[in-house]
Structure formats: C-alpha cells, structure tokens
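The values are calculated or read from the model by the stated rules, or taken from the named source; none is laboratory data. All figures in this text were calculated on a predicted structure; none of them were measured in a lab. Heads up, the Cβs are rebuilt from the backbone with ideal geometry, glycines too, and the neighbour counts pull from every protein chain shown. When the accessible area is computed, the model is the full protein with side chains, heavy atoms only, and any ligands, DNA or RNA have been set aside. Shrake-Rupley method; radii C 1.70, N 1.55, O 1.52, S 1.80 Å.
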Amino acid sequence: MATRHILTKEDPALYKKCRPVTSFDARLHQLLDDMAETLAQSNGVGLAAPQVGVLRRAVLVLETNVAEDEDEILLELINPMILESSGEQKGAEGCLSVPGEYGIVCRPETVKVRAQDRNGQWFEYEGTGLTARCFCHELDHLEGRVFTELCERMLTEEELANGAF
Ligand code: CO
C-alpha cells in the first residue's frame with residue numbers, strides 16, 4: 001500500500017465525469033488499497049478515485065455509525081448509484097480536495113446505494129446521517145461536481161474559529 005497525492009480544487013481532473021470500472025483486477029485492488037491508506041492518513045470520511053487522479057467510478061466511504069466498541073467500516077463502492085433517498089439534513093461539509101474550507105450543504109438524511117464490491121459483486125447499502133451525506137458527496141465527485149458548487153454558503157473564518165463545524 002502507498003499513499004497517493006490528493007488533487008486540490010484547482011485541478012481540472014476534479015471537474016470531469018468519471019468512466020465506469022470494467023476490470024475488477026489487481027490494479028483496481030491496488031487503487032482501493034492506496035485510497036484506503038490515503039484516507040486514513042488524512043483523517044477523512046470519504047475519498048473518490050478522481051481525487052487521486054483516476055477518472056473511474058470508485059469511492060470509499062467510512063461508515064461511522066457503529067457501536068462504541070466496534071470498528072468503523074470502510075465501504076468500497078464501485079460503479080455506485082443512488083437507489084432511494086429520503087429526509088433532509090442541513091449541515092457543514094468539507095472535502096480533502098478543498099482543505100480548510102467548509103460550507104453548508106443540504107443533503108438527504110437517508111440514502112440507499114447499489115454498488116459493486118472489488119470483485120464485481122453487486123450489493124446494496126443504506127446509510128444515514130454522515131454516511132448518507134458522504135454517499136452523496138463522493139458520488140458527486142464521480143460526476144465532476146465539487147461540494148462548493150452546492151453550498152448555500154461557505155462558513156466564515158469566525159464560524160470556523162468558534163468551532164461551528
Ligand atoms: Co470531496
């Protein structure tokens with residue numbers, strides 16, 4: 001495993017639509033392993049392949065809604081799609097590609113996705129709260145959309161300093 005460089009918002013690759021993953025091979029597994037290490041080192045909760053310069057439909061989302069004595073689960077979603085969403089949450093959102101900036105984004109409270117695992121097996125998964133927000137945020141990356149485009153407004157320096165996030 002190795003960490004990969006995370007592209008920041010100036011990079012045009014972040015604004016391109018990604019192509020489906022068609023080969024569930026060692027190269028994909030290497031990418032996912034590297035993304036996992038990169039995410040862990042950055043203390044993030046999600047990472048999309050285009051953020052490390054790979055324009056393919058693969059994302060990682062950290063499921064943090066687990067019991068206190070259980071480990072968080074790192075979900076690998078290949079060729080993901082949203083099946084259903086419901087409810088609404090409004091809150092601050094950030095992105096590893098937009099370091100230090102946070103903005104208010106409205107997202108569904110519950111999101112059910114369908115995706116393939118690293119071996120090509122289809123599965124479904126329902127996330128709520130932060131996990132639902134993360135599903136939407138990471139899937140947006142695959143369409144070339146960065147959260148700052150969806151923000152009602154960015155948090156001010158004062159709000160950040162006051163720990164509003
Ligand atoms: Co992001």
Point to revise | Among residues of region 128-154, those that are open to solvent by less than 20 Å² (accessible area, probe 1.4 Å) and more than 16 Å from the ligand (Cβ to nearest atom), counted | key: 1
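Does GLU68 satisfy being closer than 18 Å to GLY129 by Cα, charged (D, E, K, R) and touching a residue at least 40 places away in the same chain (Cβ under 8 Å)? Working first, answer last.
Working: closer than 18 Å to GLY129 by Cα: yes; charged (D, E, K, R): yes; touching a residue at least 40 places away in the same chain (Cβ under 8 Å): no.
Here the answer is no, as GLU68 does not meet what is asked.
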Revision key, fill the gap. Log entry, pairs with first residue in region 130-147 being closer than 21 Å to ASN65 by Cβ and free of Cβ contacts under 8 Å to residues at least 24 places away in the same chain, second being away from the ligand (no atom under 11 Å from the Cβ) and open to solvent by 10 Å² or more (accessible area, probe 1.4 Å), beta carbons closer than 6 Å, six or more apart or on different chains, reads none
Point to revise | Meets criteria (open to solvent by 10 Å² or more (accessible area, probe 1.4 Å), polar (S, T, N, Q) and more than 23 Å from GLN116 (Cα to Cα)) for THR22 | key: no
Point to revise | Index of the failed condition, MET35 passing every other in (1) within 16 Å of the ligand (Cβ to nearest atom); (2) open to solvent by 20 Å² or more (accessible area, probe 1.4 Å); (3) part of a helix (DSSP H, G or I) | key: (2)
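Which members of region 126-155 meet the condition of being in a helix (DSSP H, G or I) and either hydrophobic (A, V, I, L, M, F, W, C) or in contact with a Phe, Trp or Tyr (Cβ under 8 Å, 6 or more places away or on another chain) (or both)?
If the condition is that a residue be in a helix (DSSP H, G or I) and either hydrophobic (A, V, I, L, M, F, W, C) or in contact with a Phe, Trp or Tyr (Cβ under 8 Å, 6 or more places away or on another chain) (or both), then LEU130, ALA132, CYS134, PHE135, CYS136, HIS137, LEU139, ASP140, LEU142, PHE147 are the ones that fit.
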Review point. For region 38-65, what are the residues that are among the small types (Gly, Ala, Ser), touching a residue at least 12 places away in the same chain (Cβ under 8 Å) and either assigned to a helix (DSSP H, G or I) or open to solvent by 40 Å² or more (accessible area, probe 1.4 Å) (or both)?
Key: SER42, ALA49, GLY53
